[in-house]
Amino acid sequence: SSIYSYEALPVAEWFRRNRELAGFHNPARALYQTIRELVENSLDATETYGILPNIYIRVSIEDEQKGWASVYVEDNGIGIPGNEIPNVFGRVFYSSKYKIKQHRGVFGLGLKMVVLYSQSTTNKPVYVRSSTIKSDKIYEYQIMIDTNNNSPIILDRREYPNKYKWHGTAVKVYLEGNWPAAKKRIEDYLKRTAIIAPYAEIILKSPDLELWLKRRTTKLPPPPKEGLPHPKSVDVDTVKQMLLESRNMSLLEFLTENFDAVGEGTAKAFLEWAGFNPNTKTTALTPEEIVRLVEKMKQYEGWRRPRADWLSPVGSELLEIGAKAILGAEAVFAVTRKPESYSGHPFIVEVAVAWGGQIPPVDKPLLLRYANKIPLLYDEGADVARKIVDEFNWQNYKIKFPAPLAVITHICSTKIPYASAGKEAIAEVPEIEKEIRLALRDVAKKLRLYLSRKEKEMELLNKYIS
Ligand code: ADP
Ligand code: MG
């Protein structure tokens, strides 16, 4: 099923079928998901471009009778060009980009799902205000999606002079949303975001909860670079689309221009091995040949390893700052492993253990999971990290439960292997499992050293006193 088959489906129908997959199950989950989509876009639009994020969130109850709420999120990011705003908010499957780098957003669908849920429950437009860096204008729009034609309806459009050189984006949506039921999750989500992004300033205002998650450091992780996909990592649909968009070029040119780690020599060697003529034009390939080409690309062992420059791990220093500040831990030990890859996708695993302080004693370690800096709050039982942490031999590391112990796992990759469509749990990929295990061993050793030093100090102290 290619991405095209969706376009035949009216957008309203498509949303009705996919709304649960996208996290809009009910008014509580939808409110949480709306905040997530907007906050994650704000983080992408700031830190990825070297801007320290300032994110302001306001949740209001608009109509108690009808169960309507509103969500307002404002950031100081790079902004969205005025003429792009209608498409970014009002056209599903708008962008098609084959460049890859680590983002929180993956499918380019988040905003559209927010707008569709909002208008299907309240019939109100989304309000957007944005200005790009150095732009002398601020643009304001009210937009809905024409669900029959998959196109934006612009209800209002204004321009203002940008006197104070503001840059960023502000979005407001009305939706059926259950604030009391979503409150705890949203609070958890924002605190967990602050752990992994201690360089962000996040403020939440709501009817009965105010959060001010202060910036704890002005250090940002180095932003990811943007690159091309590895030949082992692409599927048939993607290659079909790439072939369609390639001008009528030879297979040799196609491979060298569209993929990472493929020079002319490598491409020639591969094509010979796979039984393709390097001069065959891309337009001449039959569907069967395309499938065979992709199969061979996956099987070939001669490619270089995928590059990890596209990734942006947080780093052990920032993880320690975040965990100490938000969890109130007595000690935190973190490690960032070296890049590895699975099926042509580069990934990096980071793990931290946090001990003592305000962490309550628990029977098994508290687990905070992240994927590409996004906190994962649901489906913990299905996550490979939960399995590894539970199987881990903690006695070897001087830890007896109940113990005040939290484990943080972070996987960054250009493709996160989710266990389910809900994108809340990491699947059991052997390469990733191995890295999590090794990382956990690293940090557990540091914790053991810390605990035995502390024990010795106590013994000394006791001797001295008695
Ligand atoms: P995704 O986040 O998966 O790319 P979205 O629908 O959430 O998909 O957003 C689409 C695009 O709109 C983003 O890739 C980004 O280019 C732009 N965008 C969304 N929100 C913001 C924002 N707050 N600031 C700047 N650009 C944004
Ligand atoms: Mg997004």
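Residues in the stretch 278-288 that are within 13 Å of PHE254 (Cβ to Cβ) and open to solvent by 60 Å² or more (accessible area, probe 1.4 Å): ASN279, LYS281, THR283, ALA284.
Candidates LYS101, LYS97: the one that is more than 10 Å from ligand 1 (Cβ to nearest atom), of a type outside the set (Val, Ile, Thr), surrounded by fewer than 19 Cβ atoms within 10 Å (Cβ to Cβ) and at pLDDT below 95 is LYS101.
Give me a count of the residues in the stretch 343-367 that are under 26 Å from the mean Cα position of the chain (by Cα) and crowded, with 20+ Cβ neighbours inside 10 Å.
12
Could you tell me whether TRP394 is touching a strand residue (DSSP E or B) at 6+ places or on another chain (Cβ under 7 Å) and modelled with pLDDT of 95 or more? No: the conditions fail for TRP394. Annotation note: Cβ proximity below 7 Å between a residue of the stretch 289-313 that is over 30 Å from PRO198 (Cα atoms) and a residue that is open to solvent by 60 Å² or more (accessible area, probe 1.4 Å) and part of a loop (DSSP other than H, G, I, E, B) (sequence gap 6+ or interchain) occurs for VAL294/ASP235. Note on the stretch 295-332: residues that are more than 30 Å from LYS214 (Cβ to Cβ), open to solvent by 40 Å² or more (accessible area, probe 1.4 Å) and either under 18 Å from the mean Cα position of the chain (by Cα) or not basic (Lys, Arg) (or both) amount to 5. Filtering the stretch 58-78 to residues that are closer than 21 Å to LYS373 by Cα and either within 16 Å of ligand 2 (Cβ to nearest atom) or part of a strand (DSSP E or B) (or both) leaves VAL73, GLU74, ASP75, GLY77, ILE78.
In the list TYR164, TYR174, TYR189, which residue meets the criterion of being open to solvent by 60 Å² or more (accessible area, probe 1.4 Å) and of a type in the set (Phe, Trp, Tyr)? Can you show your working first?
On the way: TYR174 fails: open to solvent by 60 Å² or more (accessible area, probe 1.4 Å); TYR189 fails: open to solvent by 60 Å² or more (accessible area, probe 1.4 Å).
When all the criteria are applied, what remains is TYR164.
Only residues that are assigned to a loop (DSSP other than H, G, I, E, B) and not β-branched (Val, Ile, Thr) were counted across the stretch 414-466, and they come to 12. Against the definition (among the aliphatic types (A, V, I, L, M), within 16 Å of ligand 2 (Cβ to nearest atom) and either at pLDDT below 95 or open to solvent by less than 20 Å² (accessible area, probe 1.4 Å) (or both)), how does ILE55 come out, yes or no? Against the criterion (among the aliphatic types (A, V, I, L, M), within 16 Å of ligand 2 (Cβ to nearest atom) and either at pLDDT below 95 or open to solvent by less than 20 Å² (accessible area, probe 1.4 Å) (or both)), ILE55 qualifies.
Identify the residue in the stretch 259-277 that is within 17 Å of PRO229 (Cβ to Cβ) and out of contact with any Asp or Glu (no Cβ under 9 Å at 6 or more places or on another chain) and, among all such residues, is surrounded by the most Cβ atoms within 10 Å (Cβ to Cβ).
First pass over the stretch 259-277, keeping only residues within 17 Å of PRO229 (Cβ to Cβ): 259-263, 266-267, 270.
Right, trim to out of contact with any Asp or Glu (no Cβ under 9 Å at 6 or more places or on another chain) and you get 259-263, 266, 270.
Numbers: PHE259: 24, ASP260: 21, ALA261: 17, VAL262: 21, GLY263: 11, THR266: 18, PHE270: 22.
Looking at the filtered set, the residue picked out is PHE259.
The values are calculated or read from the model by the stated rules, or taken from the named source; none is laboratory data. The structure displayed is predicted, hence computed values, not measured ones. Cβ coordinates were reconstructed from backbone atoms using ideal geometry, including for glycine residues, and neighbour counts include every protein chain displayed. Just the protein is used for accessible areas: all its heavy atoms, side chains included, with ligands, DNA and RNA removed. Shrake-Rupley method; radii C 1.70, N 1.55, O 1.52, S 1.80 Å.
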